Amino acid sequence: MESLSPAIGQKAILPSTTARSDRDLFFGSVRLRTVRNIDRGCRRLRIRVQAGNGAAAGIEFSDPDWKLKYQREFEARFNIPHITDVFPDAVSYPSTFCLKMRTPVSEEFAEGYPSDEKWHGYINNNDRVLLKVINYSSPSSAGAECIDSNCSWVEQWVHRAGPREKIFFKPEEVKAAIVTCGGLCPGLNDVIRQIVITLEIYGVKQIVGIPFGYRGFSEKDLDEMALSRKVVQNVHLSGGSLLGVSRGGPKVSDIVDSIQERGINMLFVLGGNGTHAGANAIHDECRKRRIKVAVVGVPKTIDNDIMLMDKTFGFDTAVEEAQRAINSAYIEAHSAYRGIGIVKLMGRSSGFIAMQASLASGQIDICLIPEVPFNLHGPHGVLRHLKYLLETKGSAVVCAAEGAGQDFLQKTNAKDASGNAVLGDIGVYLQQEIKKYFKEIGGADVKYIDPTYMIRACRANASDGILCTVLGQNAVHGAFSGYSGITVGICNTHYVYFPIPEVISKPRVVDPNSRMWHRCLTSTGQPDFL
């Protein structure tokens, strides 16, 4: 989606560790430096994920006040945009969101709900959540994310999400729009439902859905869909998106033209990195035109590859549903003579689903993810280990993320409508290579399962349902509080608001030096394959 994915020029850093110079900024990629530290006894590959030259590129550690300056810079970058930045004279109103009074908003209560005492359910604008909670004592500690060589502790605080006592939109004047972009993901309908319900509690009467992603703003034959609690009451009971999804879309200026024509002043965008880049561009264009519109994102990526957040909705469901495919592969492999089962799971640039699904199942012998290179052939390759497993166990199960092993596949340089590289099918490639390898040494019964679209289309499980509910509610709270150009997420179990540029600076990936990846290796018992 070229027009909606401009180069991100804002100053951004890895959440963990580093300040990066402007020349080191990039979107949609991560630099890897591989440090091979192979002991002859265990042959362990250590891969450290770093950004550019690290923190030292932008910090003078000889300055005794460097910590204070680092904190101030961090606060400036994570300050979330507000309507008053552009409209300093914007009027605030008493919030119409109060759980002490359930009567719908009417003109009688234009100044807020009556109450005998102050309701203590609001979030103070100065409330913050700690971004990092582990104080690493050494850079060599597993998964350590350090600012300097001494692993100094510097507090990093982000904005707490939730309803504010003052709002900057009159509910009766709001026209809110919801759009879902990219691919399907469990939980889309749950988020849509909660946004609509929460908007109605504030007193909003005009709520519409934009059909089929950003293209719904420009396609003349796609009419906006009127939404209400009655319409969305049971949509969460099924998968997919009530509004439909698509990749790509018109130019940002055309979208903002449509927003103005429709009279929309709150836009809720559900999507991943590319979709959020588009949302941020829409926010910037609205500011440029001095239009009072709140643009709020809800991160939607089944791959869990959004920076700074504990997890994104749909991920837990994907891991749970993947268990069915893994168990089927296990049964097929275990029931066959010299059986090998292969399961390919989602994960273009990050292997979170494959890693967590492997951990959860306890049935995986080899887990392959994009972040960790591997060899197929050779004395330490995947094929030799499969031979060992067949000789010792009689069967084996392989779990591979879709982005794993792309170096083995022919590159086409093709891109989809969102600008993502079209990947080769690592699952089919593994199946073919395994069959060829074992053809000369006794054969193997290889079964390949790809449950991608079955997982994407299913209903959200209970865990994701709760996450979607709270994300949808907090998205509405953020918009009414006057914030724009933000996204809502969960950080250290608390819900927070992030400025969009900070979460789309690069994809989140599995750290091969992390405790979680080490736990996966312990569970599978696999070697390094290098």
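Name the single residue that is least open to solvent (accessible area, probe 1.4 Å) among those in segment 439-452 being in contact (Cβ under 8 Å) with a residue 60 or more places away in the chain and either out of contact with any strand residue (DSSP E or B) (no Cβ under 8 Å at 6 or more places or on another chain) or at positive phi (or both).
Result: Gly443.
Considering only residues that are of a type in the set (A, V, I, L, M) and open to solvent by 60 Å² or more (accessible area, probe 1.4 Å), look in segment 220-259 and name the one that is modelled with the lowest pLDDT.
Applying the filter and picking the extreme gives Leu237.
Could you list, in sequence order, all residues of segment 359-382 that are more than 27 Å from the chain's Cα centre (by Cα), at positive phi and open to solvent by 50 Å² or more (accessible area, probe 1.4 Å)?
Across segment 359-382, there are no qualifying residues.
Just for segment 165-175: of the residues that are over 11 Å from Ser92 (Cα atoms) and of a type in the set (D, E, K, R), which one is least open to solvent (accessible area, probe 1.4 Å)?
Lys175
Tally up the residues in segment 482-495 that are open to solvent by less than 10 Å² (accessible area, probe 1.4 Å), touching a helix residue (DSSP H, G or I) at 6+ places or on another chain (Cβ under 9 Å) and part of a strand (DSSP E or B), please.
4
Which numbered condition in (1) at pLDDT 90 or above; (2) in contact with a Ser or Thr (Cβ under 9 Å, 6 or more places away or on another chain); (3) among the small types (Gly, Ala, Ser) is the only one that Ala110 fails?
Status for Ala110: all satisfied but (1).
Please determine, by comparing only the residues of segment 411-427 that are touching a strand residue (DSSP E or B) at 6+ places or on another chain (Cβ under 7 Å) and farther than 18 Å from Gly339 by Cβ, which one is modelled with the lowest pLDDT.
Filtering segment 411-427 for residues that are touching a strand residue (DSSP E or B) at 6+ places or on another chain (Cβ under 7 Å) and farther than 18 Å from Gly339 by Cβ, the one modelled with the lowest pLDDT comes out as Lys415.
Among the residues of segment 226-255, which ones are assigned to a helix (DSSP H, G or I) and under 25 Å from the mean Cα position of the chain (by Cα)?
Answer for segment 226-255, where residues must be assigned to a helix (DSSP H, G or I) and under 25 Å from the mean Cα position of the chain (by Cα): Val232, Val235, His236, Leu237, Val252, Ile255.
Looking only at residues that are open to solvent by 100 Å² or more (accessible area, probe 1.4 Å) and in contact (Cβ under 8 Å) with a residue 24 or more places away in the chain in segment 383-416, which one is farthest from Cys181 (Cα to Cα)?
Checked segment 383-416; the qualifying residue farthest from Cys181 (Cα to Cα) is Lys393.
Tell me whether segment 470-481 contains one or more residues that are modelled with pLDDT of 95 or more and outside any helix (DSSP H, G or I).
For segment 470-481, residues modelled with pLDDT of 95 or more and outside any helix (DSSP H, G or I): present.
The values are calculated or read from the model by the stated rules, or taken from the named source; none is laboratory data. Just so we're clear, the structure is a prediction, and the values are computed from it rather than from any experiment. Cβ atoms come from the backbone with ideal geometry, glycine included; neighbour counts cover every protein chain shown. When the accessible area is computed, the model is the full protein with side chains, heavy atoms only, and any ligands, DNA or RNA have been set aside. Shrake-Rupley method; radii C 1.70, N 1.55, O 1.52, S 1.80 Å.
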